[in-house]
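Report on the following structure.
Every number in this text was worked out from the coordinates using simple rules, so none of it is lab data. Because the structure is a prediction, the values reported are computed rather than measured. Cβ placement follows ideal geometry from the backbone for every residue including glycine, while neighbour counts extend to all protein chains displayed.
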């Protein structure tokens, strides 16, 4: 099972489902973006999933929006929902307004 974290309007999530028939859950903090297709609305720092639920967590241009403290909490939360041996995949096109905001990228 795959978690698409920060999926927004679900376009990428839906393409992955169409092309691979993978079992995937889209999750975002913005209900207005999710309501058109039915993803899970949640805070990434407090995911509503059981421990060891996902084989993969995928994010796209998402991690740079967290400050250092929140980033550490996020990584612990992702580790919690990942199965042993699970993977985190992140693709980023840095937005300089946020990427350098915290003068670091963990």
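Using a 7 Å offset from Cα along Cα-Cβ at residue 80, what residues in segment 33-51 end up with backbone N under 13 Å from the label point?
From segment 33-51, the list is 43-51.
Using alpha carbons only, how many degrees (0 to 90, rounded to 10) separate the axis of helix 68-81 from the longest principal axis of the chain?
20
Just to be sure I understand, if you calculate mean projected area of the Cα convex hull in nm² for this structure, which of [x] 6.7; [y] 8.6; [z] 6.0 do you get?
[x]
On C-alpha positions alone, give me the angle between the axis of helix 11-20 and the longest principal axis of the chain, in degrees, nearest 10.
50
Taking the number of other C-beta atoms within 10 Å as the exposure measure, put 7, 41 in order starting with the fewest.
Values: 7 27, 41 15.
With the fewest neighbours first, 7, 41 line up as 41, 7.
For the chain, what's the relative contact order in percent, using C-alpha pairs closer than 8 Å and at least 6 residues apart?
Details: 170 pairs, mean separation 28.3, N = 106.
Once divided by the residue count of the chain, the mean separation gives 27 percent.
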